[in-house]
Every structure is written in C-alpha cells, then in structure tokens.
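**Student:** Structure incoming, see below.
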Amino acid sequence: MISCKKRAKYAFLLPFVFAFLFVTSAFAQEQANVSETGVTSGAEAPAAAGAGGADAGVIDAGATLFKNNCVQCHSVGTDVVVGPGLQDVHKRRSEGWLIKWIRNSSALIQSGDKDAVAVYEQYSKQQMPSFALSDDELKAIIAYIKDASEAPTTGPAPDGNPGQAGQNVGTDAIGAVSGYMDLLLIALVLVLIVLVITLLIIASVLKGYLKNKGDLTGSEQEILEQRTNFANIYKSKAVRVIVGLIFVVVLVDLTIDKVMGIGIQQGYAPRQPIAFSHKLHAGDHQINCNYCHTSVYKSEKANIPSANICMNCHSQIQKESPEIKKIYRAIEKNQPIEWVRVHNLPELAYFNHSQHTKVGGVECQTCHGPIETMEVVAQYSPLTMGWCIDCHRNTPLNTQGNEYYDNLVKLHEKQSKGAFVVASNGGTECSKCHF
Ligand code: HEC
Ligand code: HEC
Ligand code: HEC
Ligand code: HEC
Ligand code: HEC
Ligand code: HEC
C-alpha cells in the first residue's frame, strides 16, 4: 500500500523523463545531420598576398603554381584533401626538406628520412607525384604556403564551400514539415507537463484545505486518503484531449515521413552532394547515358556511376574545381559519393529497366523526360500505377525479329482488331508488377 502510494507520488516525473528523452533524441539526430554534411565542407582560405613578409609578386607566382599543381590534393588550411593540409608546414619542416620532398618525395622516402617515411606511412602509403620545378618556383610555392598560413582567414577560398553545409538536410519540404511536426510534439509534451504539475498543485492545495477544516464528511475523508488517483487523471477531459492530440500528431508525423520519404513526387529534385550536371555531360558533351549508367540495358536496376567512372575523365579534366575535388576526397576516404535518390518506387512494385530499354525499346526520355537539359535531375513522371498501366495499354509491343511474339501477334489478330500492345500480352496483370 505504502509503496503504491510512493509510486503514485513520483509518477508526475514520468512526463519529464519522456520529454527529456524526446528532446535529446531529436537533438542527437540534428547533430548527426550536421556532422554528415560537415564532411564535405572544406573550410580553408589562402591569404591575400603580402602579409607574410615575402615579395608580393613571388607569393602571387607561388599561388598560381600551387593552384596548377597542388590544389587537387592539398589545402593550405588544416583540411586533408588527398594529402595533408599544408597550413604551417614551413614550421614543421625546413625549406631544404620541403624542396627535396616536393621535387621527388619518393627519393626522400627511400633515403630513409624519418619525417618523410612518417608522413608517407600516415597517409596510407600514397605516393605524391614528383614535380620538375626550379628552386625559385619551389620557393615561391613555399612563400605562398607561409603567407597563406599566417593570414588564414582572408582572401578567396578556392575550395571553401561553406554554403554547401547542410544543404541537403532540412532544406527540402520533407525535412521542413517533419521539423515542424517535431516542434509541435515538443510543445504539446511541455503543455502536458505544465498541466500535470498544475493539477498536482491544485490537488495538494485543496487537500491542505481539507486537512485544516477539522470535522470531515465521509467522502471528504476518502479524498484525503486517496492521494494521487490515476483513475481520476485518466477521466479528466483535458488530459484525454491532450493525449488524443499527441497521438494524432505522432500519427500524422509518421505518415508524412513515410509517404514523402518514399519520394513519389513528380518534380522532386533534391540537391546533390556534388553539383553534377546532366546538361553539361549528357547534353553539351553528349556522353551516352549508358557510359555512366552501365547496367541500364542489362539489368533491373540502372546503376549510379561510381567515383571511378568520373575519374576516367576527371583525373585530367577540371582538376582544380572544388566540385571535382569532392570526387577525389570520396576516393581518398574510400567512401561512395552519397547521391540522393530521386526515383523511388515502393517495394511492392517490380520495375525492370532492361525490359523497357532493351526489350521494349522505350527511350529513357519517355519516362525520365529531357534529362540531357537538366542541371539537377528532377522526377519527370508520376511513377504511379496508373501511369505504368496507361502506357502498357497504349504502347504497341516491339515484336520485330522476335519469333516468340510473332505467334502471339497472329493469335491476337484473330481475336481482336486493336493493336498488339503491352496490355495484350498480359502487361496489366497484377502479378506482372506485384509478386
Ligand atoms: C596527387 C596528389 C598530390 C599532389 C598533386 C601533391 N601532393 Fe603533396 N602530398 C600528397 C600526399 C598523399 C602526401 C602525404 C605523403 C605521402 O603519402 O607521400 C603529400 C605530402 C606533402 C607534403 C608533406 C606534408 C607534411 O606534413 O610533411 C608537402 C609539403 C606537400 N605534399 C607539398 C605539395 C606541393 C607543394 C604540391 C604541389 C607542387 C603537392 N604536394 C602536390 C599528395 C599530393
Ligand atoms: C557522366 C555520367 C552520367 C551520364 C552520361 C548520365 N548520367 Fe544520369 N546520373 C549520373 C549521376 C552521377 C547521377 C546521380 C546524381 C544525380 O541525380 O544528379 C545520375 C542520376 C540520374 C537519374 C536519377 C536517378 C535517381 O536517383 O533516381 C536519372 C533518371 C538519370 N541519371 C538518367 C540519365 C539519362 C537518361 C542519361 C542520358 C541522357 C544520363 N543519366 C546520363 C551520371 C550520369
Ligand atoms: C566522359 C568524360 C566525363 C566523365 C566520365 C565525367 N565527366 Fe564531369 N565533366 C566532363 C567535361 C568534359 C566537363 C566540362 C569541363 C569544362 O567545361 O571545362 C565536366 C565537368 C564537370 C563538373 C563541373 C566542374 C566545374 O567546376 O565546372 C562537375 C562537377 C563534374 N563534371 C562532375 C562529374 C562527376 C561527379 C562525374 C561522375 C559521375 C563525372 N563528372 C564524369 C567530362 C566527364
Ligand atoms: C518505362 C519507363 C522508364 C524508362 C524507359 C527508363 N526508366 Fe529509368 N527509371 C524508371 C523508374 C520507374 C525508376 C524507379 C525505379 C525504382 O525506384 O525502383 C527509374 C529509375 C532510374 C534510375 C535510378 C536507379 C534505379 O534503377 O532505380 C536511373 C539512374 C535511371 N532510371 C536511368 C535510366 C536511363 C539511363 C534510361 C535509358 C537508358 C532509363 N532510366 C529508362 C523508369 C524508366
Ligand atoms: C512509356 C511506356 C511504359 C511505361 C511508362 C511503363 N512501361 Fe512497362 N512496359 C512497356 C513496354 C513497351 C513493355 C514491353 C516490353 C517487352 O517487349 O516485353 C513493358 C513491359 C513491362 C513488364 C513486363 C510485362 C510482360 O508481359 O512480361 C512489366 C512487369 C512492366 N512493364 C512493369 C512496369 C511498371 C511497374 C511500370 C511503372 C513503374 C511500367 N512498366 C511503366 C512500356 C512502359
Ligand atoms: C504495370 C504495372 C502494374 C500492374 C499491372 C499493377 N500494378 Fe499495382 N502498382 C504498381 C505500381 C508502380 C504501384 C506503386 C504506385 C505508387 O506508389 O503510387 C502500385 C501500387 C499498388 C497498390 C498499393 C497502392 C498504394 O497506394 O500504396 C496496390 C494495392 C496495387 N498496386 C494493387 C494492384 C492490383 C490489384 C493489380 C491488378 C489488378 C495491380 N496492382 C496491377 C504497378 C502495377
């Protein structure tokens, strides 16, 4: 009896615990999102010429040499690109060492130089290329690094893309809506807590009043002995309404996440981690779709190209572009580039690319629209069941040179006057698209 009362006494703590857990979990998720995108946002900034004492002309020349030869693997900040960040490297190493290293790092490593071996080991035994540069040119590069290290927050940032951080988190509609829902939930939980506390205070004030009253009736005595009665709390209309509201909000929140998360949205064009343009590649430079989407004629799924395919060209082209350096970084870290999926059929539907592209002879553009004009891929078709079936009802089967179909076509022509479309061959049977 006593323990029961005790439990009841501390029960008002429960909503606090719940709210605390909820807020911390929401916060942790936010943090995770931030660090996820933080990875790609290199913050570094070479300085304006002239701050480090050396001749401004020399520093300029060094900056140009650095940009042409080094920037695809190094920052002059602390960020690791492929090789280490070079901020303050002139303090770690002597000028003589730096000159030897840059000119031919492998010779220096093989000579057994302790620092050289250590840095080589640290960067997973990757070899930096040699550079046939003159002493003056090397000194200019070093002067530039020195200068940039000493005034690290001024000047242009060739690789800094601070605007990038957080771009694909929370900026799209899904993130925003579920963000508001989370806020609403937190607010409701807080209201509930305040309400519970207020009720408890009122109850205790009233009981205090009863106690002091002296001679009590039977029912008053009962109330005094009752302490916190949960049955009463449940019966309270206000509490019920609030609990009901919370329930509804949770439900709506989950449903929105589920429905929107699937991405069945025409026009959905999420921001990608690298500003890859189909207009530039498939349009202007006329690279074939299946140069990158190599499996689109062969299998169910069209693959998204790996970073290695990008490197076929970008080991040479646009090496200094900050966007391209993200590819280098992905390869260096051995992590795939985290492209955001645009098209998403629900699990319950079966769709096969090769059946449509190779067997059916349907053009990519019929379903995906003018991809070769898109800077950012957008979902062109609705991808609903009605869309699939409409096309199957209206598209004649590509039967040429296919003996199996020849017989079917003859059979079909006997039975009906309409064209031999996909639907005539069972293309609208449930089991074709749903297992
Ligand atoms: C293809 C990538 C690549 C290029 C281009 C490159 N480096 Fe490196 N660099 C590396 C790697 C990787 C390391 C780490 C050591 C190693 O594994 O060889 C490194 C190490 C260094 C170090 C030693 C840093 C330290 O902390 O001791 C210096 C200095 C350096 N590079 C300068 C340059 C300069 C200057 C250029 C341009 C002339 C340049 N690098 C071009 C990849 C590169
Ligand atoms: C140089 C390589 C390259 C070429 C060529 C290329 N793509 Fe892509 N494609 C990509 C990359 C990388 C992505 C993922 C990033 C994005 O969505 O922009 C992608 C994404 C897509 C998507 C969206 C996939 C999803 O997430 O649902 C479609 C559809 C697509 N490509 C179709 C095409 C078509 C059609 C062509 C030819 C007209 C083509 N691509 C040519 C590299 C390429
Ligand atoms: C067949 C060659 C080829 C392949 C493969 C290729 N690209 Fe490109 N890419 C180019 C060309 C050509 C340009 C345009 C260069 C120019 O305009 O100077 C370019 C430009 C770019 C740019 C713009 C760079 C800038 O800052 O202007 C980005 C970003 C890019 N490519 C990303 C990628 C990614 C990501 C992949 C792999 C999915 C890829 N490319 C695969 C040839 C290729
Ligand atoms: C008949 C319509 C249709 C045609 C034709 C078509 N696609 Fe698709 N594509 C889709 C659908 C539907 C999806 C979504 C599939 C999913 O989510 O499982 C998709 C998804 C993709 C994806 C994302 C990866 C995947 O497989 O889910 C890429 C990339 C792609 N298509 C490229 C292409 C290219 C390139 C062509 C032309 C060679 C092409 N598609 C032709 C309907 C089509
Ligand atoms: C632009 C027209 C078009 C659209 C849109 C389309 N299809 Fe098709 N589909 C075809 C054609 C043409 C064929 C016949 C291929 C062949 O010759 O076997 C086909 C065949 C199929 C088959 C094989 C049918 C059989 O009889 O074996 C399946 C399964 C299928 N489609 C699923 C889908 C799904 C799922 C979608 C929607 C996500 C879809 N299709 C959207 C044109 C389309
Ligand atoms: C040509 C392919 C195709 C055929 C044939 C087809 N479906 Fe679908 N079905 C789909 C696709 C694609 C989706 C997913 C559409 C979406 O998410 O909007 C779907 C979704 C569904 C859903 C889920 C609806 C929802 O809102 O989640 C049901 C149930 C369903 N189909 C039943 C059937 C039945 C029953 C048949 C036979 C009479 C059938 N389908 C034939 C392609 C097909």
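The values are calculated or read from the model by the stated rules, or taken from the named source; none is laboratory data. Predicted model only: the values in this text are computed from it and were never measured. Note that we place each Cβ from the backbone using ideal geometry, even for glycine, and neighbour counts take in every protein chain shown.
**Student:** Given the conditions (1) surrounded by fewer than 15 Cβ atoms within 10 Å (Cβ to Cβ); (2) closer than 24 Å to GLN272 by Cβ, report the number of the one that GLY401 does not fulfil.
**Tutor:** Exception for GLY401: condition (2).
**Student:** For region 272-282, which residues satisfy the criterion of being touching a helix residue (DSSP H, G or I) at 6+ places or on another chain (Cβ under 9 Å) and in a loop (DSSP other than H, G, I, E, B)?
**Tutor:** At the first step, the residues of region 272-282 found to be touching a helix residue (DSSP H, G or I) at 6+ places or on another chain (Cβ under 9 Å) are 273-279, 281-282.
Hits for region 272-282 are PRO273, ILE274, ALA275, PHE276, SER277.
**Student:** Also: Working only within region 367-382, note down all residues that are surrounded by 14 or more Cβ atoms within 10 Å (Cβ to Cβ) and within 18 Å of HIS281 (Cβ to Cβ).
**Tutor:** HIS368, GLY369, ILE371, GLU372, MET374, VAL376, VAL377, ALA378, TYR380
**Student:** Let me ask something else. Which pairs do you get when a residue that is polar (S, T, N, Q), found in region 349-365, comes within reach of a residue that is loosely packed, with under 13 Cβ neighbours inside 10 Å, reach meaning Cβ atoms under 6 angstrom, with the pair 6+ apart or on two chains?
**Tutor:** Within 6 Å, the pairs are ASN352/GLU300.
**Student:** Among the residues of region 379-394, are any under 21 Å from GLU300 (Cα atoms), within 16 Å of ligand 3 (Cβ to nearest atom) and in a helix (DSSP H, G or I)?
**Tutor:** no
**Student:** Going through SER306, SER315, SER321, SER295 one at a time, which residue ends up being surrounded by 15 or more Cβ atoms within 10 Å (Cβ to Cβ), away from ligand 5 (no atom under 16 Å from the Cβ) and of a type outside the set (A, V, I, L, M, F, W, C)? Explain how you work it out, then say what you get.
**Tutor:** On the way: SER306 fails: surrounded by 15 or more Cβ atoms within 10 Å (Cβ to Cβ); SER315 fails: surrounded by 15 or more Cβ atoms within 10 Å (Cβ to Cβ); SER295 fails: surrounded by 15 or more Cβ atoms within 10 Å (Cβ to Cβ).
Only one candidate passes the filter, namely SER321.
**Student:** Any idea which of (1) crowded, with 19+ Cβ neighbours inside 10 Å; (2) among the hydroxyl-bearing types (Ser, Thr, Tyr); (3) within 19 Å of SER321 (Cβ to Cβ) is the one SER105 doesn't satisfy?
**Tutor:** (3)
**Student:** Every residue in region 283-306 that is in a helix (DSSP H, G or I) and either within 6 Å of ligand 2 (Cβ to nearest atom) or aromatic (Phe, Trp, Tyr) (or both), please.
**Tutor:** Pass one, region 283-306, residues in a helix (DSSP H, G or I): 283-284, 289-292.
Within region 283-306, CYS289, TYR291, CYS292 qualify.
**Student:** Which residue is modelled with the highest pLDDT, if the candidates are limited to region 133-153 and must be more than 30 Å from the chain's Cα centre (by Cα) and assigned to a loop (DSSP other than H, G, I, E, B)? Explain how you work it out, then say what you get.
**Tutor:** So the first thing to find is which residues in region 133-153 are more than 30 Å from the chain's Cα centre (by Cα), and the list is 133-151.
Going one step further and asking which of them are assigned to a loop (DSSP other than H, G, I, E, B), we end up with 133-134, 151.
Numbers: LEU133: 83, SER134: 87, ALA151: 69.
Here the answer is SER134.
**Student:** So ARG329 clears everything in (1) loosely packed, with under 13 Cβ neighbours inside 10 Å; (2) more than 16 Å from ligand 6 (Cβ to nearest atom) except one condition, right? Which one?
**Tutor:** Failed condition: (1).
**Student:** Something else: Considering only region 84-132, how many residues are more than 34 Å from the chain's Cα centre (by Cα) and not in a helix (DSSP H, G or I)? Outline the logic, then answer.
**Tutor:** Taking region 84-132 as the starting set, the residues that turn out to be more than 34 Å from the chain's Cα centre (by Cα) are 90-118, 130-132.
Right, trim to not in a helix (DSSP H, G or I) and you get 93-94, 104, 111-113, 130-132.
Residues flagged as more than 34 Å from the chain's Cα centre (by Cα) and not in a helix (DSSP H, G or I) within region 84-132 amount to 9.
**Student:** I need the full set of residues from region 388-426 which are of a type in the set (A, V, I, L, M) and away from ligand 6 (no atom under 16 Å from the Cβ), in order please.
**Tutor:** Within region 388-426, LEU408, VAL409, LEU411, ALA419 qualify.
**Student:** Looking at region 353-379, which of the residues that are under 26 Å from the mean Cα position of the chain (by Cα) and within 15 Å of ligand 6 (Cβ to nearest atom) is farthest from GLN266 (Cα to Cα)?
**Tutor:** HIS353
**Student:** Another question about this same structure. In region 272-292, what residues are among the aliphatic types (A, V, I, L, M), under 17 Å from THR373 (Cα atoms) and surrounded by 15 or more Cβ atoms within 10 Å (Cβ to Cβ)? Let's see the steps before the verdict.
**Tutor:** Step one: filter region 272-292 for residues among the aliphatic types (A, V, I, L, M), giving 274-275, 280, 282, 287.
In the following step, the residues that additionally are under 17 Å from THR373 (Cα atoms) were identified as 275, 280, 282, 287.
Of everything in region 272-292, those that are among the aliphatic types (A, V, I, L, M), under 17 Å from THR373 (Cα atoms) and surrounded by 15 or more Cβ atoms within 10 Å (Cβ to Cβ) turn out to be ALA275, ALA282, ILE287.
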